[in-house]
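The values are calculated or read from the model by the stated rules, or taken from the named source; none is laboratory data. Note that this is a predicted model, so its numbers are computed, not measured. Backbone-built Cβ (ideal geometry, glycine too); neighbour counts: all protein chains shown.
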Amino acid sequence: MASVELRNVWKIYGGKVQAVIDACWKCNDGEFFSILGPSGCGKSSTLRMIAGLEEITRGEILFDDRVVNKMPPSERNVAMVFENWALYPNLNVYENIAFPLRVRNLPEAEIDRKVKWAAEFLGLEPVLKTGVKHLSGGEMQRVSIGRAIVREPAVLIMDEPISHLDAGLRARMRDELKKQVAELGVTTLYITHDQVESMAMADRIAIMNLGRIQQVGTPLDIYYNPANEFVGGFIGEPPMNFTLCELVQEGENYFITSPSFRLQLDDICKARFLGYRGNPKLKLGVRPEDVLVSLTPMPNSFGLRVDFVEPQGDRTIISLQMNGDIFLAQVLGDLRPEVNQTVYVTFDQRHMHFFDVETGVNVLYMS
Amino acid sequence: METNGTFEIHAEAEEIVARKDVSYYVSHILFGRVFRIVLLLLFILAILIPIVYIASTSLKEPIEIRVSGALLPTGPITTINWIKAFRNVPLVRYLFNSTVVAFFSTILVLVIAVPTTYSIIRFKTGGWFFPAWILGTYVMPPIVVSIPIFAMVKMVGLQNTLLGLLLVHTMANMPIAVWLMDSYIRAIPKELEQAAWIDGYSKFDTLRRVVFPLIRPGVLATGVICLILSWNEFLFALILTYGVQSNTFPIGISRYVGEHGLQFGEMSAAALAGIVPIYILVFLFSRNLVEGLTRGGVKG
């Protein structure tokens with residue numbers, strides 16, 4: 001096992017395309033670390049540099065404080081689970097799992113012992129002698145994990161390992177995978193574009209967009225304290241609402257105003273703005289579950305017109321007209337207003353996020 | 001044909017009869033099918049007739065060959081041509097020479113072409129120029145380089161030897177082998193090789209342990225094609241070999257013209273003896289071969 005650290009790592013393709021820009025983060029020994037981002041954000045390039053499949057344009061990658069930039073993949077002792085699993089189609093399950101052991105010239109008895117252990121661990125014993133072409137998606141996925149863990153790697157890299165499975169199996173494999181990795185205690189880098197996987201499995205998440213690391217933190221930290229507008233909008237389903245507003249000070253009181261609302265900030269929120277000297281024009285971000293809706297006026301609330309109602313049983317998603325945009329609210333299932341009705345809305349002020357209009361940075365970010 | 005609707009051709013036809021649309025069946029489906037069969041028969045005939053002709057000529061009396069051009073023997077059947085073909089000309093030696101040249105040149109071609117192609121595709125060896133250049137050599141008519149090649153072979157003292165000829169065949173067949181292997185190697189997902197690298201295998205071991213088992217059908221097909229090309233090759237064999245110890249079969253055939261007058265019967269027998277081994281080989285590998293050729297053909 002090992003820690004993995006990236007120091008100012010860049011990947012530039014063909015002298016022009018910047019796939020990874022100045023990545024700096026550290027995954028601790030034994031940690032389940034997820035790299036999350038939309039496709040094309042540079043997460044695959046990052047992991048390919050860590051695995052040694054891609055050259056590092058600039059910067060350093062360290063395993064246990066040792067620079068591995070020039071080390072070929074065969075010597076890094078990383079194991080990788082590929083998106084398409086990359087099983088050797090001409091070999092059976094047993095030989096696929098044994099493949100990384102064969103090159104190490106281990107005695108046959110030890111290979112056998114290790115393969116059997118991995119197969120038992122993953123529940124693959126009944127199919128050991130089966131050709132991999134005849135396996136189901138879930139089994140193939142487990143074989144690829146078996147091949148990765150059988151040689152006790154320093155770092156286990158998983159590149160979208162379950163994104164090719166169908167939805168039901170994916171949810172089950174998510175839990176199973178997390179349990180298995182926790183049991184092994186191996187340092188794991190988990191690459192995905194699916195926030196649900198990252199949130200559910202990872203100890204910490206690094207969010208990437210357009211080649212840059214946006215934020216590194218625990219799932220809850222990222223959810224409740226997004227570093228910028230991208231992170232806020234990327235994490236959470238339904239996604240965070242955004243609208244432009246202005247911070248106004250009137251004597252002792254602070255208000256945020258926009259054509260659609262005027263909201264007085266409570267003491268906690270006000271305290272966070274004390275000493276704020278930046279642009280009073282801000283972008284407000286509120287998650288749908290932090291939008292509180294009532295059919296009758298509440299203190300410090302404002303009326304909005306209902307655009308669309310989406311009952312989901314346990315909860316209802318309401319689309320509201322806010323400054324000409326759609327603003328989603330997620331409320332309990334028994335609240336079901338009519339379309340075009342005016343409802344009264346206020347926000348859970350503990351979970352209001354304010355972003356710089358130009359840079360998107362969270363102006364109240366607590367690092 | 002249409003009595004009580006009891007005829008059975010197949011579902012397609014039944015459906016048409018049910019629609020009482022026999023004229024459609026005749027004009028579109030039946031005609032198309034008959035036309036296709038006739039065309040195929042004509043094609044097979046065109047290919048088979050020369051072989052039938054050779055076979056029948058080899059069984060005709062020499063006198064009959066001279067007076068009759070009939071496809072099949074009209075007089076008594078004889079084996080005299082076969083006996084003379086082997087007695088008057090060292091045919092066995094020619095066949096042996098051809099086998100040595102074809103076999104070893106094919107092995108050499110594969111040993112060089114497979115890693116070369118792999119390296120060109122995966123590691124972009126030689127950039128765009130090297131693969132283009134390899135293919136370019138195939139476009140050029142061999143006669144153009146016959147004099148320099150003869151001079152080179154002579155310079156190293158390999159003229160009139162099997163080694164000299166098989167080296168030249170290796171060179172001549174290299175472009176086609178690289179071209180055929182190209183599509184096979186391209187079809188292998190990169191991730192498989194990357195998985196092997198990460199698993200601890202060197203690049204060469206990855207080629208040997210992961211890539212090779214997957215492209216084996218392609219290697220076989222390429223091998224058979226190179227074997228056929230070398231077996232049938234005439235120009236270089238004619239230039240580079242001039243004695244019994246190194247003449248190959250195609251050159252040997254021409255001996256029946258020179259030394260004993262024009263011996264059609266013996267020549268036919270020898271020709272048949274020479275094409276039978278290669279036909280058997282192709283027959284054995286036909287599945288690989290068809291796959292190999294069509295794959296090469298699909299490539300743009």
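See the values below:
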quantity	calculated
Hey, A:Lys11 buried (at least 17 other Cβ atoms within 10 Å of the Cβ) and either within 14 Å of A:Val155 (Cβ to Cβ) or away from chain B (no Cβ under 14 Å) (or both) or not	yes
Any hit, the range A:160-180, residues being within 19 Å of A:Glu75 (Cα to Cα) and buried (at least 16 other Cβ atoms within 10 Å of the Cβ)	no
Complete set of residues in the range A:140-175 that are over 19 Å from the mean Cα position of the chain (by Cα) and either free of Cβ contacts under 8 Å to residues at least 24 places away in the same chain or not assigned by TED's automatic domain parsing to the domain that holds A:Asn92 (or both)	A:Arg142, A:Gly168
Residue count for the range A:63-98, restricted to those that are touching a residue at least 12 places away in the same chain (Cβ under 8 Å), part of a strand (DSSP E or B) and over 15 Å from A:Arg48 (Cα atoms)	1
Counted residues, the range A:306-326 - those being of a type outside the set (A, V, I, L, M, F, W, C) and under 18 Å from A:Leu244 (Cα atoms)	5
Every residue from the range A:99-117 that is in contact with a Phe, Trp or Tyr (Cβ under 7 Å, 6 or more places away or on another chain), within 11 Å of chain B (Cβ to nearest Cβ) and either among the aromatic types (Phe, Trp, Tyr) or not in a loop (DSSP other than H, G, I, E, B) (or both)	A:Phe99
Selected residue [in contact (Cβ under 8 Å) with a residue 12 or more places away in the chain and under 20 Å from B:Glu193 (Cβ atoms)] from A:Ser3, A:Ser44	A:Ser44
Residue within the range A:54-70 that is of a type in the set (A, V, I, L, M), under 29 Å from B:Ile215 (Cα atoms) and modelled with pLDDT of 90 or more present	no
The range B:205-245 - residue that is β-branched (Val, Ile, Thr) and over 19 Å from B:Val109 (Cα atoms) and, of those, nearest to the other protein chains (Cβ to nearest Cβ)	B:Val210
Of all residues making up the range B:75-110, the number that are touching a Gly at 6+ places or on another chain (Cβ under 9 Å) and either charged (D, E, K, R) or not in a helix (DSSP H, G or I) (or both)	5
Residue within the range B:5-23 that is under 29 Å from the mean Cα position of the chain (by Cα), at pLDDT 70 or above and exposed (fewer than 12 other Cβ atoms within 10 Å of the Cβ) present	no
Residue among B:Trp231, B:Trp179 that is in contact (Cβ under 8 Å) with a residue 60 or more places away in the chain, in a helix (DSSP H, G or I) and crowded, with 23+ Cβ neighbours inside 10 Å	B:Trp231
Criterion violated by A:Met80 - all others in (1) away from chain B (no Cβ under 14 Å); (2) touching a strand residue (DSSP E or B) at 6+ places or on another chain (Cβ under 7 Å) satisfied	(1)
The range A:33-60, subset touching a helix residue (DSSP H, G or I) at 6+ places or on another chain (Cβ under 6 Å) and in a strand (DSSP E or B), residue farthest from the other protein chains (Cβ to nearest Cβ)	A:Leu36
Qualifying residue in the range A:133-140 (condition: more than 14 Å from every other protein chain (Cβ to nearest Cβ), within 16 Å of A:Tyr88 (Cα to Cα) and outside any helix (DSSP H, G or I))	yes
Any chance A:Met298 is of a type in the set (A, V, I, L, M) and touching a helix residue (DSSP H, G or I) at 6+ places or on another chain (Cβ under 6 Å)	no
Hey, A:Glu160 away from chain B (no Cβ under 13 Å) and among the charged types (D, E, K, R) or not	no
Exclusive hit being surrounded by fewer than 16 Cβ atoms within 10 Å (Cβ to Cβ) and not assigned by TED's automatic domain parsing to the domain that holds A:Thr192, set A:Arg287, A:Arg277	A:Arg277
Pick from the range A:61-75, criterion surrounded by fewer than 21 Cβ atoms within 10 Å (Cβ to Cβ) and under 16 Å from B:Ala195 (Cβ atoms), ranking: nearest to the other protein chains (Cβ to nearest Cβ)	A:Ser74
Close pairs (7 angstrom Cβ cut-off, 6 or more residues apart or separate chains): closer than 19 Å to B:Pro250 by Cβ in the range B:75-93, part of a loop (DSSP other than H, G, I, E, B) anywhere	B:Asn88/B:His260; B:Pro90/B:Val244; B:Arg93/B:Val244
Out of A:Glu55, A:Glu110, sole residue that is over 22 Å from A:Met1 (Cβ atoms) and surrounded by fewer than 22 Cβ atoms within 10 Å (Cβ to Cβ)	A:Glu55
Qualifying positions in the range B:182-202 - charged (D, E, K, R), buried (at least 19 other Cβ atoms within 10 Å of the Cβ) and within 14 Å of another protein chain (Cβ to nearest Cβ)	B:Glu193, B:Asp199
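Yes or no, residue by residue, for (1) in contact with a helix residue (DSSP H, G or I) (Cβ under 9 Å, 6 or more places away or on another chain); (2) in a helix (DSSP H, G or I); (3) surrounded by fewer than 18 Cβ atoms within 10 Å (Cβ to Cβ):
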{"position": "A:Ser198", "(1), (2), (3)": "yes, yes, no"}
{"position": "A:Ile205", "(1), (2), (3)": "yes, no, no"}
{"position": "A:Val216", "(1), (2), (3)": "yes, no, no"}
{"position": "A:Pro226", "(1), (2), (3)": "yes, no, no"}
{"position": "A:Phe230", "(1), (2), (3)": "no, yes, no"}
